[in-house]
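Read-outs throughout are calculated quantities, based only on the coordinates presented, and are distinct from any laboratory measurement. This is a predicted model, so every value here is computed, not measured. Every residue, glycine as well, gets a Cβ built from its backbone with ideal geometry; the counts of neighbours run over all protein chains shown.
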Amino acid sequence: MKQNLYRIILVLALALAASACSKDAEKPVSAKGPSPQAPVKQTGKALFRERCRECHKVNGEGGVVGPDLSIVGANRSRAFLELAIRNPSKLYPGTVMPHFETFSADQVKQLVDYLSGLQ
């Protein structure tokens with residue numbers, strides 16, 4: 001009974017941590033043009049810090065829910081990294097990592113550029 005309770009608590013904790021990764025999802029820009037609160041273009045490193053670091057660690061900083069990405073660029077292709085951002089459950093069925101559909105193509109490119117450089 002205790003073991004089942006521990007499993008439930010672990011799953012809930014992982015789900016809570018994963019939901020934090022996407023808590024600041026961007027709002028779409030209206031057809032009339034950017035609003036005064038339109039997001040500023042960020043570098044891949046800044047995007048990682050804002051949206052990924054709560055779960056993933058790089059060079060000793062960040063969360064522990066997801067894998068350490070300190071040398072991910074040495075081990076994974078750009079195509080793999082893009083798929084991992086856009087549709088992580090395709091690579092890892094059952095993952096708690098959210099899909100980042102709110103990222104623009106440019107944001108994904110910036111993030112992949114940053115991750116590819118981690119070697």
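Among the residues of segment 83-98, those that are touching a helix residue (DSSP H, G or I) at 6+ places or on another chain (Cβ under 9 Å) and either over 17 Å from R49 (Cα atoms) or small (G, A, S) (or both) comprise L83, A84, R86, K90, L91, Y92, T95, V96.
Scanning segment 52-79 for residues that are without any contact (Cβ under 8 Å) to a residue 24 or more places away in the chain and hydroxyl-bearing (S, T, Y) turns up just one, S77. For segment 52-67, give me each residue that is part of a loop (DSSP other than H, G, I, E, B) and surrounded by 15 or more Cβ atoms within 10 Å (Cβ to Cβ). Across segment 52-67, the qualifying residues are C52, R53, E54, C55, H56, G63, V65, G66.
Of the residues making up segment 71-115, those that are of a type in the set (S, T, Y) and not in a helix (DSSP H, G or I) are S77, Y92, T95, T102, S104.
In segment 54-108, how many are among the β-branched types (V, I, T) and under 20 Å from Q119 (Cβ atoms)? Residues flagged as among the β-branched types (V, I, T) and under 20 Å from Q119 (Cβ atoms) within segment 54-108 amount to 5. Residues in segment 68-82 that are of a type in the set (S, T, N, Q) and either surrounded by fewer than 16 Cβ atoms within 10 Å (Cβ to Cβ) or in contact with a helix residue (DSSP H, G or I) (Cβ under 7 Å, 6 or more places away or on another chain) (or both): N75, S77.
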